[in-house]
1. Go through the stretch 128-164 and give me each residue that's assigned to a loop (DSSP other than H, G, I, E, B), charged (D, E, K, R) and open to solvent by 30 Å² or more (accessible area, probe 1.4 Å).
2. If MET185 satisfies all but one of (1) over 26 Å from the mean Cα position of the chain (by Cα); (2) aliphatic (A, V, I, L, M); (3) within 28 Å of LYS123 (Cβ to Cβ), what's the number of the condition it fails?
3. Go through the stretch 91-127 and give me each residue that's crowded, with 17+ Cβ neighbours inside 10 Å, modelled with pLDDT of 90 or more and part of a loop (DSSP other than H, G, I, E, B).
4. May I ask you to list the residues in the stretch 123-139 that are within 21 Å of the chain's Cα centre (by Cα) and aliphatic (A, V, I, L, M)?
Amino acid sequence: MNTRSWWNRHGSQLTLLGLAVVTAWLVRQTQGAALFEIYYWVSRPFHQSEEQALVVHEQARVLNAKVEGLEAKIEDLESQNQNLQKLLGYVSSKPNDQGVVAPVIARSAEHWWQQVTLGRGSKDGIKADDLVMGPGGVVGRIVSVTPHTSQVLLLSDPTSRVGIAVSRTRQMGYLKGQGNNQGVMEFFDNVPKVKPDDVVVTSAFSQIFPAGWPVGKVVSVDLNKAPAPEAVIEFFVPLGSLEWVVVYPNPKTVQTVGN
């Protein structure tokens with residue numbers, strides 16, 4: 001067999017073997033750097049595409065977060081605007097009353113159902129024992145005042161006591177706060193005429209509030225409660241989520257001062 005024939009048969013195999021030896025030597029001498037360099041340049045377009053996709057994804061995520069934040073702010077402002085419009089409508093329905101619209105600016109988490117702080121004070125004409133109303137009903141009364149703020153004792157405060165009556169039957173009693181959006185009415189009568197959904201209002205027996213101001217409605221009645229029958233009252237105003245109120249001069253205080 002001549003040399004040409006032998007090379008034709010085995011030349012390609014020797015060439016591949018030679019390339020393998022050279023490649024192995026390069027890997028050994030460069031610790032694979034040459035191959036990594038080749039891999040990097042070959043795969044670079046794909047890495048750039050992945051990096052660009054990650055950048056675009058992150059930018060989209062940030063943009064979506066900003067949009068969601070703005071939508072939440074708009075929704076909150078719309079909710080506050082609706083509440084304020086209701087309150088202003090409530091004030092305008094009482095043209096003879098000199099009410100001061102006041103925002104709730106602070107309340108303590110530890111005393112959430114006891115007191116709130118208003119962003120109006122003595123410079124706005126607010127005084128201690130002024131009456132505080134929300135859309136639809138009584139909120140509480142002013143207990144302390146500074147030039148620019150005032151503190152409200154809520155009906156839901158466990159120390160709060162307010163004389164109230166059932167509108168339908170004029171059954172009298174007093175309301176005790178329970179630290180939530182419901183209070184307990186303790187009746188003076190041993191067998192009161194009362195039923196669920198009856199409306200209760202402030203009574204003439206109240207030492208602070210004038211008679212006839214709406215408070216809430218009867219949820220349930222316990223005629224066997226000792227020492228006196230009781231009814232659970234749900235307040236008309238959601239005291240746990242107050243944002244705006246109206247402060248009115250207390251007629252009883254004005255009369256006392258005038259006398």
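The values are calculated or read from the model by the stated rules, or taken from the named source; none is laboratory data. A quick note: this is a predicted structure, and the numbers were derived from the prediction, not measured. Positions of Cβ are backbone-derived with ideal geometry, glycine not excepted, and every protein chain shown enters the neighbour counts. Side chains are part of the model used for accessible areas, which takes the heavy atoms of the whole protein and leaves out ligands, DNA and RNA. Shrake-Rupley method; radii C 1.70, N 1.55, O 1.52, S 1.80 Å.
1. First pass over the stretch 128-164, keeping only residues assigned to a loop (DSSP other than H, G, I, E, B): 128-130, 135-136, 146-149, 155-160.
Next, only the ones that are charged (D, E, K, R) stay: 129-130, 157.
Result: ASP129, single match.
2. Evaluating MET185 over (1) over 26 Å from the mean Cα position of the chain (by Cα); (2) aliphatic (A, V, I, L, M); (3) within 28 Å of LYS123 (Cβ to Cβ) leaves (3) as the failure.
3. Scanning the stretch 91-127 gives ARG107, TRP113, GLN114, ARG120, GLY121, ILE126.
4. MET133, VAL139
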